Amino acid sequence: MALGMMTTKYKVLRHISIISLIFLFCSIYPLFGETGKWVIAAQKFQYTRGQSEGAVQSGVSEMLPSAILENLNRSLQRNVMPDEQLERNLYKLRTERQSLYLQLSSEYKKRDALVLEHYSDSKLKSAIKTEEKKIKEIQDKIDANLNELKEQTEEATLKMNLISNQTVKNDDEELSEFEKFRQLFKNIFVKDKSLYTPETIAFYRNDSASLFKPSENAVKAGITSGTFEKEVVSAGINSLIVGSITGYGDYISVSAELFLYPGAKSAGIVTEIGSTNDMELISSSIAMQLLPLITNAMPVELIIEIFPATAAANSEIYIDDVLQSNDTNNLILDSGVHNIQFISKNYRTAGTSYYFEGNKRYSIQVNFEELKIGNIQIGLKKNIPGEIYANGVKAIPVTDTKSQISIDGNAILGEFIAENGETSFYYIPKKNVLDGNFVKINPKPMDRMSYIDTRRKWMYGAYSVFMLSLIPAFYTDGQFKNKYQLYNKGQIDYSEAHAYQTAMNITRGIAIGCGVFWGYELVRYLIAANSVLPQKAKRGPATEFVIPDNSSQTDTTEENKIDDGEQQ
């Protein structure tokens, strides 16, 4: 057999090697092909105590994991630590070594089989040398793989030690020269400045309702087995929620455990007990308990300074609508988006929502603005029976056309409600909200929805008439042009052509009139649509501010006291 020719047996070996390479590549591609995403999935929960699964139990075991994922349906990020990234790299390197080992085994078999061929000594030595060169290349790749494995393990250990020792500082933190030198010495062997990587959390198949369904062999092997891990990784899943349900009557106990892949490590387990009539409460509670495990949130430190001192003495701090009972202004939170509110009596509430990145210190300065407390009066341009409301609070009548409300310096969105229930909105800008100020409004209470609906019907009706009027206009225009050409050729008389000219002019006039009517109704409709916007109150002279007379109220109070005394 000539050198370079290959028997059927070796062709089969080559095909097997190629198929193995393709299979191994496909198994690692979902894990490393899509960067920046951390995919979470769940599988159907299982009932314990040997309970048989009927239609209801089966529905609950599938509904619960989907509901838990749905409660996580928000913009979340996962802080991927060096040890978790190491597991991915180890899986990749391990898969690469398996592929290289298959290639090495194939090349060894090829080399050993060369002695069975009818080669001359020189050709045999040349063929063996070629195969040994290939073997040496594969061995070098395996050694490089093992060296990379050692380097990445050492680097991950160093990074985890740095994180655990809290040696990561803020970029903008002021350090002394000695501290800077010591910090540089500590991090001199760290290649990447960022010790952990934030990744966007995504659902399996981009759908919280899609559950992961392993094969029967994987289920029998177990969640931590290599068979199960291979199916999870092949599906591009980084974490899997598994769970068990135990039922007693109308109450169930649900345990959910989060596994990280590759590695099949348990990140934690949570348990919730509740009634089967309130499954939403159970799923939302489990989701909230799993949230820190999923995001792997690192703490952040908040240093809060409040000015002025009078506001700081009576201030309250709310984070995510929870009052903080910490006596100091130094708070520790999980990383992520938080809504912070600062409240102090007689001062304007301040707050913000911000994404706090983990393992950092944030300084927050709050400058409270003092509220402008006082009274403002609102007058009606016309005496219309009704009541005035400001920011949902009923104003106190002063005269037939004036009412008074308390102010706190904020803009006012008010409403005038007539006796028949029809309303009219008004708006007082912040610059006019001053103690002792007087503003005027001209309310036009009406049923605006009905008014807008009427104007819309008229507008559409006018548009329909306009479209219909175009049909005879276009028809008579075309007929006139045709008759005009025939008249010039002497084929028809003048009266026939003149009749179509007259019809064309009439239909054109009607179409133009219908178009103008449609435009008019369109403007009226737009005006009606804008009528829902509140009218801006106009500032009036301060001399019209009337000091209320409380004598009548006092007399009424005394009469009520006398009546109460007589009844007793």
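The values are calculated or read from the model by the stated rules, or taken from the named source; none is laboratory data. This is a predicted model, so every value here is computed, not measured. So basically every Cβ, Gly included, is an ideal-geometry build from the backbone, and we count neighbours across all protein chains shown. Keep in mind that these areas ignore ligands, DNA and RNA; they rest on the heavy atoms of the full protein, side chains included. Shrake-Rupley method; radii C 1.70, N 1.55, O 1.52, S 1.80 Å.
Checking each residue in segment 421-456 for being basic (Lys, Arg) and outside any loop (DSSP other than H, G, I, E, B) picks out 430, 431, 440, 448, 455, 456.
Filtered by the rule that a residue be within 21 Å of the chain's Cα centre (by Cα) and among the aliphatic types (A, V, I, L, M), segment 271-298 gives 286, 287, 288, 290, 291, 293, 294, 297, 298.
When residue 302 is tested against (1) in contact with an Asp or Glu (Cβ under 9 Å, 6 or more places away or on another chain); (2) open to solvent by less than 40 Å² (accessible area, probe 1.4 Å), just one condition goes unmet, and that condition is (1).
Screening segment 308-405 for strands (runs of 3 or more DSSP E) wholly inside it with 2 or more residues that are among the polar types (S, T, N, Q) and either surrounded by fewer than 16 Cβ atoms within 10 Å (Cβ to Cβ) or touching a Gly at 6+ places or on another chain (Cβ under 9 Å) (or both) returns the ranges 336-344, 350-356, 361-367, 374-380. Among the residues of this structure, residue 437 counts as one that is within 19 Å of residue 543 (Cβ to Cβ) and either open to solvent by less than 20 Å² (accessible area, probe 1.4 Å) or under 38 Å from the mean Cα position of the chain (by Cα) (or both).
Of all positions in segment 413-420, none carries a residue that is assigned to a loop (DSSP other than H, G, I, E, B), open to solvent by 40 Å² or more (accessible area, probe 1.4 Å), of a type in the set (A, V, I, L, M) and within 30 Å of residue 541 (Cα to Cα). Pairing each residue of segment 525-551 that is among the aromatic types (Phe, Trp, Tyr) and in a loop (DSSP other than H, G, I, E, B) with any residue that is open to solvent by less than 60 Å² (accessible area, probe 1.4 Å) and modelled with pLDDT of 80 or more, provided the two are 6+ apart or on different chains, yields C-beta distances under 9 Å for 545/375; 545/376; 545/377; 545/402; 545/404; 545/436; 545/437; 545/438. Checking the stated criteria, residue 281 turns out not to satisfy the condition of being out of contact with any strand residue (DSSP E or B) (no Cβ under 7 Å at 6 or more places or on another chain), within 30 Å of residue 47 (Cα to Cα), of a type in the set (A, V, I, L, M, F, W, C) and outside any strand (DSSP E or B). Residue pairs whose Cβ atoms lie under 9 Å apart, separated by 6 or more positions or on different chains, with the first residue in segment 465-484 and under 12 Å from residue 508 (Cα atoms) and of a type in the set (S, T, N, Q) and the second open to solvent by 70 Å² or more (accessible area, probe 1.4 Å) and not in a helix (DSSP H, G or I), do not occur.
Of the residues making up segment 487-501, those that are part of a helix (DSSP H, G or I) and over 21 Å from residue 472 (Cα atoms) number 3.
Residues in segment 193-215 that are among the small types (Gly, Ala, Ser) and in a loop (DSSP other than H, G, I, E, B): 194, 208, 209, 210, 215. Close contacts from segment 318-340, counting a first residue that is under 26 Å from residue 201 (Cβ atoms) and a second that is open to solvent by 80 Å² or more (accessible area, probe 1.4 Å) and among the acidic types (Asp, Glu), with Cβ to Cβ under 9 Å and a gap of 6+ residues or different chains, come to 339/321. Contact annotation: residue pairs with Cβ atoms under 7 Å, 6 or more positions apart or on different chains, pairing a residue in segment 87-100 that is touching a residue at least 24 places away in the same chain (Cβ under 8 Å) and closer than 13 Å to residue 262 by Cβ with a partner that is open to solvent by 40 Å² or more (accessible area, probe 1.4 Å) and among the aromatic types (Phe, Trp, Tyr), are 92/32.
I'd like the full set of residues that are in contact with a Ser or Thr (Cβ under 7 Å, 6 or more places away or on another chain) and under 30 Å from residue 451 (Cβ atoms), limited to segment 483-533. Hits for segment 483-533 are 510, 511, 514.
Could you grab me the full set of residues in segment 350-381 that are over 39 Å from the mean Cα position of the chain (by Cα) and either more than 30 Å from residue 535 (Cβ to Cβ) or modelled with pLDDT of 85 or more (or both)? Those that are over 39 Å from the mean Cα position of the chain (by Cα) and either more than 30 Å from residue 535 (Cβ to Cβ) or modelled with pLDDT of 85 or more (or both): 375, 376, 377, 378, 379, 380, 381. If the condition is being of a type in the set (Lys, Arg) and without any contact (Cβ under 8 Å) to a residue 60 or more places away in the chain, then segment 354-405 contributes only 394.
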